[in-house]
Amino acid sequence: MLPSGAPTARVAVRRHRERGQYDRHTIRAILDEALLCHVGVVSAAGHPVVLPFVHAWAGDHLYLHGARANHVLREAAAGSEVCVTVTLLDGLVLARSVMHHSANYRSVVVLGRAREVTGPEEKLTALRLIVEHVAPGRSADARPPSDEELRATMVVSVPLTEASAKVRTGPPLDDEADLSLPVWAGVLPVGMATGTPVAADGLAPGLPVPDYVSAYGRPGRRPPQESP
Ligand SMILES: Cc1cc2nc3c(=O)[nH]c(=O)nc-3n(C[C@H](O)[C@H](O)[C@H](O)COP(=O)(O)OP(=O)(O)OC[C@H]3O[C@@H](n4cnc5c(N)ncnc54)[C@H](O)[C@@H]3O)c2cc1C
């Protein structure tokens, strides 16, 4: 983001620019709802690689974690630029004409140079935020990481200063001439659903399923869209 509040040229949405959004609130709400992200770097061998990760954010930074040997994190920590994307698919948009089919979605692209988080306090906070991002409440229940586990884990932080959101909502946009075609058109809402929890073998007896598991949901999920 430039001091004027405008996006940098690299993240300015050009196609359907009216769908581009750059405000902190929109970008962070999409990052919160998305369970996972995809992180792309150009590897040391010179080819692009994109891997899925779990993320969390705080303030103006996105946190990622993984094993010290993870090659995406190692490239990122060594100063390579990363591209982080998340996508929430909200609906399939079925138009009367093939060419006007689309999707309702909210997605984010973040570009930037990461830094390795080495301060023990920030590292622990980042790991707690990542656990809480997956299952809010979980970090109060599960055993915290040992020193050895912390040493084996790399945490990197990516600035959220160069980021864009792109959001499509609404019905299909058919050409006027196609509106009378005898073809059903509309939106099929899509969302993430969880199933029935499956307990691990050997659980201590009498442990109830925590509320954050039985009533799992992503924050900020919008109500299902009405088909037009
Ligand atoms: C939903 C989800 C969330 C995840 N979250 C995290 C996270 O937060 N932190 C984390 O460290 N890891 C996470 N992973 C696993 C991660 O994607 C990598 O597989 C793992 O970190 C190993 O990375 P590496 O560089 O050591 O892999 P390597 O085994 O060294 O990678 C070598 C090659 O293996 C292939 N490869 C590696 N991973 C994958 C993959 N996931 N799918 C397909 N091919 C692959 C690629 O071709 C890659 O270039 C997640 C995976 C999923 C599916």
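No lab work stands behind these numbers, since they all come straight from the coordinates. This is a predicted model, so every value here is computed, not measured. No Cβ is skipped: glycine too gets one built from the backbone with ideal geometry, and neighbour counts run over all protein chains shown.
For segment 1-31, name all the residues that are β-branched (Val, Ile, Thr) and not in a loop (DSSP other than H, G, I, E, B). Within segment 1-31, Thr26, Ile27, Ile30 meet the criteria. If the condition is being crowded, with 17+ Cβ neighbours inside 10 Å and among the small types (Gly, Ala, Ser), then segment 87-101 contributes Gly91, Ala95. Taking first residues from segment 178-203 that are on the phi < 0 side of the Ramachandran plot and partners that are exposed (fewer than 11 other Cβ atoms within 10 Å of the Cβ), the Cβ contacts under 7 Å between residues at least 6 apart in sequence or on separate chains come to Val187/Pro228.
Does any residue of segment 61-81 turn out to be under 30 Å from Leu179 (Cα atoms) and of a type in the set (A, V, I, L, M)? Checked against the condition, which is being under 30 Å from Leu179 (Cα atoms) and of a type in the set (A, V, I, L, M), segment 61-81 yields no hits at all. Evaluate the following for Thr125: is it touching a Pro at 6+ places or on another chain (Cβ under 8 Å), more than 20 Å from Ser102 (Cβ to Cβ) and polar (S, T, N, Q)? No. Summed over segment 1-23, the residues that are without any contact (Cβ under 8 Å) to a residue 12 or more places away in the chain and not acidic (Asp, Glu) give a count of 7.
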